[in-house]
Amino acid sequence: MKGVVIERGEKYYTYLKKLFLSINNLQRNYNWLISSYECWPYTEKYAEILSEEFCWMTGDELTEMIECEDFQWIWGVFSAFSKDIPKEKVLQYELPESDGCSKIWQTPVQIQHPLAEIEIVAWDSSMTVFISKDDHIVDLLRENNRFAKDLERYISQS
């Protein structure tokens, strides 16, 4: 399992469109649980969808939302699950957290939800943390974003 942190190269964080392009839109291959979020969508449609404690979306739905409105996520955890894991099984566990969550800053890096394959954390508009059980996806992100730093190294230097 690998992770990266991105805290340079953008005026504000977290915007997902560029991140998804960096991983060749592999987000489409998963279902997503979005939790512990603060964001400001432009339209009522997405404001309503994101008005609950959590949001469950397919990868295509998440991609469509980001393509329609690449709005800023101030806080939030995006947890990716294999499409064969039902929402009901995912919700048997605690919702992942962003604001004040110390688990994000521990080594070895871990994804908060035990069934998730990928975790993206929007951290207080100042950085994005990306962790994946598939090292290839993290390597792809690092190849396509020169500001992506190894998360474990970042933690050890902090």
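Each reported figure results from applying straightforward, stated rules to the coordinates on display, with no laboratory input. Just so you know, these numbers come straight off a predicted model, no measurement behind them. Using ideal geometry, Cβ is built from the backbone for each residue, glycine included, and neighbour counts are taken over all protein chains shown.
So the values come out like this:
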{"quantity": "Cα-based radius of gyration of the stretch 2-157 once divided by 2.2 N^0.38 Å, which approximates compact folds", "calculated": "0.95"}
{"quantity": "Top of Ile104, Ile23, Ile85 by mean-square fluctuation, Gaussian network on the chain, Cα under 10 Å", "calculated": "Ile85"}
{"quantity": "Other-chain or far-sequence residues with amide H under 5 Å of Cys39's (modelled H)", "calculated": "Ile74"}
{"quantity": "10 Å Cβ shell holding at most 13 others, DSSP loop, GluC sites (Glu not before Pro): longest site-free stretch of the chain", "calculated": "95-158"}
{"quantity": "Cα-Cα over 23 Å, subset of Lys18/Lys87; Lys45/Lys149; Lys103/Lys149", "calculated": "Lys18/Lys87; Lys45/Lys149"}
{"quantity": "Full-extension gain in nm, Asp139 to Asp84, via 0.36 nm per residue minus C-alpha separation", "calculated": "17.3 nm"}
{"quantity": "Gaussian network model of the chain, springs between alpha carbon atoms under 10 Å - residue of Gln27, Gln72, Gln106 with greatest fluctuation", "calculated": "Gln106"}
{"quantity": "Most mobile of Leu95, Leu21, Leu33 in a GNM of the chain (Cα contacts under 10 Å)", "calculated": "Leu21"}
{"quantity": "Cross-link partners of Lys133 among aspartates and glutamates (Cα-Cα below 18 Å; sequence separation of 8 or more within a chain)", "calculated": "Asp84, Glu117, Glu119, Glu143, Asp150, Glu152"}
